[in-house]
Amino acid sequence: MAHIIVVGNEKGGSGKSTTCMHVATGLCRMGFRVGALDLDLRQKSFGRYIENRVAYLGRANLTLPTPDYRELPEVEPDSLQPGENPYDARLSAAIAQLDPVSDFIVIDCPGSHTRLSQVAHSLADTLITPLNDSFVDFDLLARIDPETNRVKGPSIYAEMVWNARQLRAQAGLKPIDWIVLRNRMGAQQMHNKRKVGAALEELSRRIGFRVAPGFSERVIFRELFPRGITLLDLKDTGVDQLNISNIAARQEVRDLMVELKLPGVTQEFE
C-alpha cells in the first residue's frame, strides 16, 4: 500500500502547497512513484503547481520527475451506498486509483475545516502541519494564556487530529506520525522565536507531534510557482549559479526530507 502524506492546516498562507510540491518532487527525484491529490476544490494551488510544471516542461522540452496529479473523480449518485457521503466516495475512488501505481500519495488539504480534510487526516500515515512561526498561528494548535503564554488546551484542529488518530486505532492501523513545521522563521525577533519554540515543545509533549524546522520566508518560493519547478530543479532548468539564499533554501528542503523519516527514504536527491 502507498504511504499517505497529508499536509494540513486550517489557516491559509502557511506554505502548505509549497511544502506539498517540494516533498512530492523530492520523492520523485529519489525514484519513488508519487501520486498527488488537492482537496482544496476552489483554490487547487497544489494541483495548479503541478499543472504549471507539466506545461513548462512541455514548452522547454525538458523531462523532470513529476508527481502523478489526479482530480477527484465524480461519482454517480446511484452508485452511493445508503447514507454514504459523496465526498468520501470521491476521495476513496481517487486513493483506489493511485494506490496500485504509487509508493507515496501526497494530499494537500484546504485551509479550512471540510469533510474532505477530516477524512484525509484519518488516512494519513504522515501528517505535516506547516505553521507560521508566531503566536497568531500557534492558536491553530492550542489555546494559550495571554499573560503567561502557557498552553491552556488543544484547539479544534488538534482535536480533529486526535479524532483521526482514534479512528485509525479502531481500524487497527498504525499511528499517525505528526510533524509540525516552523515556517517563515525570521532572523530577527529572537525573543519571540524562543517563546514560540518553548510553547511548541511543551505542546508537542502533551498532544504528540514532532517539531521540525520548515522553510524561511524567501522570494524564490513565489517565483518558482508559475513554472511549476522547485528548488531541487534549478540546475536542471539552466540555473548554473545559485545565490546564497537559494542554496540555503535548498538545504532546508533536504533537511525536511530527512526530518520526515519516511519509509524507504535512505538516499540523497539527484
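Values quoted throughout were computed directly from the atomic coordinates according to the rules given, and no laboratory measurement underlies them. If you're wondering where the values come from, they're calculated on a predicted model, not measured in any experiment. Neighbour counts are summed over all protein chains in view; Cβ atoms, including those assigned to glycine, are modelled from backbone coordinates with ideal geometry.
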By average C-beta atoms within 10 angstrom, highest first, the peptides 21-28, 117-124, 150-157, 98-105: 21-28, 117-124, 98-105, 150-157
Enumerate the helices in the chain for which the Kyte-Doolittle hydropathy averages -1.0 or more and the C-alpha atoms extend at least 15 Å along the helix's axis, using complete DSSP H runs. 16-29, 45-60, 86-98, 156-170, 190-207, 244-260
Which net charge results when you count Lys and Arg as +1 and Asp and Glu as -1 among the other residues whose beta-carbon is under 11 Å from that of Ile144? 0
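I need to check one value: relative contact order of region 3-260, counting alpha carbon pairs closer than 8 Å and at least 6 residues apart, in percent. Walk me through the intermediate numbers first.
Working: 416 pairs, mean separation 62.8, N = 258.
Once normalised by length, the contact order is 24 percent.
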Extreme residue, positive dipole direction of the chain, given options Thr66, Ala2, Thr266 (C-beta unit charges): Thr266
The Cα radius of gyration of region 3-260, divided by 2.2 N^0.38 Å with N its residue count, comes to 1.03
